[in-house]
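Derivation of every value follows stated rules applied to the coordinates shown; laboratory data play no part. Small disclaimer: the values here were computed from a predicted structure and weren't measured. Neighbour counts run over all protein chains shown; Cβ positions are idealised from the backbone, glycine included.
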Amino acid sequence: MKTLMKSVTLTLLLLIGANLMAQDATSKVQELYNKYSNIPKYRVNVVYEAVNDNMGFKNVQEGILAVDGEKYILKYGPNETWLDDGKTEYIGTKEPDHSQIMYFCSGQNTEAIIDFGEAMTFFGSGHSGSVDGSMLKLKPSSSAAYKEIHVEFSGSDIMSITALDDFGTAHKYTFSNFSTNTSGTSFTINPGEYYEKIDERRGCN
């Protein structure tokens, strides 16, 4: 009887602990969402790491992301630009022997693992999960380009976001030098600088 009671008690404690973790995740997600959704303009340094141990590759890039309402621009040096001007999304890449620009309807960029225009808030709805120390572990409730995301935080600041895709690649974005000063930022790209043009727009509003 004592053994049964101990087993029941342990099960209840585990269930309570799981519920508390879920509640903590919901509360923290809401806290982060409330903070960043009230910041319409910001600029932040980004270190992007794509790692797939099974395939044996790792790619690291450093860039700057600026957001202004529905617009964003993410530049990795002079040779790679991701842009949404509020109507169209672009990806411009330059290599020594080739250059190309891709066009997408705004919000329909199939090349992006996350929506850079909502980098700090996209997980605020449609996700559920748990919190472990300073890390949120969330899964989307509907189809997404990733199967799970890990949001590292310090207090109410987002430090990094890692998106795990179906191929086993971890896409990690580490943020630093967050600022609400976006003065001097140009949300434009010159298509004339690119040789190949690929238009993926279909029925844009």
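Let me spell out the model: positive unit charges on the Cβ of Lys and Arg, negative unit charges on the Cβ of Asp and Glu, origin at the Cα centre of the chain. What dipole size does that give, in debye rounded to 20?
The calculated dipole for the chain is roughly 820 debye.
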Notebook entry, point to check: Got a sec to turn the phi values of region 62-77 into Karplus ³J(HN,Hα) couplings, 6.51 cos²θ - 1.76 cosθ + 1.60 with θ = phi - 60°, whole Hz, x for Gly and Pro?
Noted result: 10, x, 10, 10, 10, 10, 9, x, 7, 9, 8, 9, 10, 10, 9, x
Note to self: Can you tell me the orientation of helix 2-37 relative to the chain, as the angle in degrees between its alpha-carbon axis and the longest Cα principal axis, to the nearest 10?
What the structure shows: 30 degrees
Check: Give me the Kirkwood hydrodynamic radius of the chain in Å, from all C-alpha pairs, to one decimal place?
Finding: 18.9 Å
Notebook entry, point to check: Taking springs between alpha-carbon atoms closer than 10 angstrom, which of 68, 165, 132 fluctuates most in the Gaussian network model of the chain?
Noted result: 132
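Among the listed pairs 75/172; 28/147; 41/197; 28/172, which are separated by more than 25 Å between their Cα atoms?
The pairs that break the limit, which is 25 Å between Cα atoms, are 41/197.
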Next item on the list: Among DSSP beta bridges whose residues both lie in the chain, state the antiparallel percentage, nearest 5.
Entry: 95 percent
Item checked: Net +/- balance of residues flanking residue 166 in space, Cβ distance below 12 Å, scoring K and R +1, D and E -1 -> -1
Note to self: How many angstrom lie between the Cα centre of region 154-205 and the Cα centre of region 26-43?
What the structure shows: 18 Å
Next item on the list: Starting at the first residue of region 143-159, write each ³J(HN,Hα) from the Karplus equation 6.51 cos²θ - 1.76 cosθ + 1.60 with θ = phi - 60°, in whole Hz, x for Gly and Pro.
Entry: 4, 8, 6, 10, 9, 7, 10, 10, 10, 8, 9, 10, x, 10, 9, 7, 9
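Relative contact order of the chain, please, whole-number percent, based on alpha carbon pairs below 8 angstrom and at least 6 residues apart. The partial results should precede the final answer.
Working: 385 pairs, mean separation 49.3, N = 205.
Averaging sequence separation for qualifying contacts and normalising by length gives 24 percent for the chain.
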Item checked: Options 77, 92, 25, ranked by Cα towards positive dipole end of the chain, top entry (Cβ charges) -> 25
Check: With Cβ to Cβ distances under 14 Å as the rule, what net charge do the other residues near residue 98 carry (K, R +1; D, E -1)?
Finding: -3
